[in-house]
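Any read-out appearing in this document is the output of simple, stated calculations on the displayed coordinates, not a laboratory observation. Keep in mind the model is a prediction, meaning the values are calculated, not measured. Positions of Cβ are backbone-derived with ideal geometry, glycine not excepted, and every protein chain shown enters the neighbour counts.
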Amino acid sequence: MSKTKQWAEDTAENKVDNIIAKLTSGEIDRSTAKSKIMKVDNLELVGIDEHNVDEVIYEAHANA
């Protein structure tokens, strides 16, 4: 079971990273990034929810 959970976590993290990369490159705006991130499966495994998604986007975009 833990391998499956790790896979789900890694997959969610990679999807969020790809969305942030698109935001950073200018392909999408913050609103689109937020919408796409909130649709990622197993998002709760990486600690992102509707209460902190804006902060995650801000920090990731600021550090890019």
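Please tell me the relative contact order of the chain in percent, rounded to the nearest whole number, where contacts are Cα pairs under 8 Å and at least six residues apart.
For the chain, the relative contact order is 38 percent.
Before rounding to the nearest 500, sum -39500 (n - 2.57) across all DSSP H runs of length at least 4 in the chain and divide by the residue total; then give [θ] at 222 nm in deg cm²/dmol.
My calculation for the chain gives -22000 deg cm²/dmol from helical runs alone.
Based on the mean of other beta carbon atoms within 10 Å per residue, what is the order of 29-38, 50-59, most packed first?
Packing proxy ranking, top to bottom: 29-38, 50-59.
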